[in-house]
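So the structure is just underneath, and the comments pick up after that.
The values are calculated or read from the model by the stated rules, or taken from the named source; none is laboratory data. Predicted, not measured: the structure shown is a model, and the values here were computed from it. When we count neighbours, we look across all protein chains shown, and the Cβ atoms used for this are built from the backbone with ideal geometry, even at glycine.
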Amino acid sequence: MLDAYHNMIENQLRAGGIHLPQVFDAFAAVDRQMFVPEPYQGYAYADMPIPLADGQQMFPPLTDAKVLQATAPKKTDIVLEIGTGTGFSAALMAQLARFVITLEINPQSADTTQVRLKRLGIHNARVICADGFATDLDQFDNPFDIIVFSGAVISLPDRFHEHLAENGRMLAFRKETALCQVELIEKTPSNTLKSQRLFETDVAPLIQPEQNRFIF
């Protein structure tokens, strides 16, 4: 497994443009294999998405690394993640940020992931079973310094922009064609939004049972 891990770091992350030391530190601190479902243990470090329940997926390692590099979490940052999956992305964020709140719509996944994080000693990440697109964000200590969507979305309700802190970063996988455009949105000190597109990728859509409430 050491060879597989080394291959992931060198031939996926470094070769894919990852250069921030803190990203490599996070990957070194969190054993990806501990978050991969049993049937796919042999692919824990492979350059591929891992299938999950309800048509969801665990990102390939490079995608997680690119999210970390783009959002650049700091030890003072509060992170909101929409879509928890197995918790690997939240665990990585928790290595670099002050606290991570991650919203998971699947009750079984939420319970399993919270237990996994606690068992691994990751106590600055909290899994909440909720529909991230319908949850009242005012209940949390916000605004958030980072908001990350862990799956494809068509558009984002304005309330996410409103709950983004000054100098905050929001990363979304926008489904426009067969691929998603990965967009980084930053809120400036003047309370305006600055957007840039980073790369294209293919990720599964987030489950949005109440998506018809929004006009896209």
Identity of the residue in the stretch 181-216, among the hydrophobic types (A, V, I, L, M, F, W, C) and crowded, with 17+ Cβ neighbours inside 10 Å, that ends up modelled with the lowest pLDDT:
ILE207
Testing GLY121 on (1) part of a loop (DSSP other than H, G, I, E, B); (2) modelled with pLDDT of 95 or more; (3) crowded, with 19+ Cβ neighbours inside 10 Å, one condition comes back false. Which one is that?
(3)
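Here's the yes/no breakdown for (1) modelled with pLDDT of 95 or more; (2) within 24 Å of ALA28 (Cα to Cα); (3) small (Gly, Ala, Ser); (4) surrounded by fewer than 16 Cβ atoms within 10 Å (Cβ to Cβ):
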{"site": "ALA97", "(1), (2), (3), (4)": "yes, yes, yes, no"}
{"site": "ILE105", "(1), (2), (3), (4)": "no, no, no, no"}
{"site": "GLN108", "(1), (2), (3), (4)": "no, no, no, yes"}
{"site": "ASP111", "(1), (2), (3), (4)": "yes, no, no, yes"}
{"site": "GLN139", "(1), (2), (3), (4)": "no, no, no, yes"}
{"site": "THR177", "(1), (2), (3), (4)": "no, no, no, yes"}
Kindly indicate whether LEU20 is in contact with a helix residue (DSSP H, G or I) (Cβ under 6 Å, 6 or more places away or on another chain), within 23 Å of ALA97 (Cβ to Cβ), of a type in the set (A, V, I, L, M) and surrounded by fewer than 17 Cβ atoms within 10 Å (Cβ to Cβ).
yes
Kindly provide the set of residues from the stretch 155-174 that are buried (at least 19 other Cβ atoms within 10 Å of the Cβ) and of a type in the set (D, E, K, R), ordered by number.
ARG169
Looking at the stretch 109-117, is at least one residue touching a helix residue (DSSP H, G or I) at 6+ places or on another chain (Cβ under 9 Å) and among the charged types (D, E, K, R)?
yes
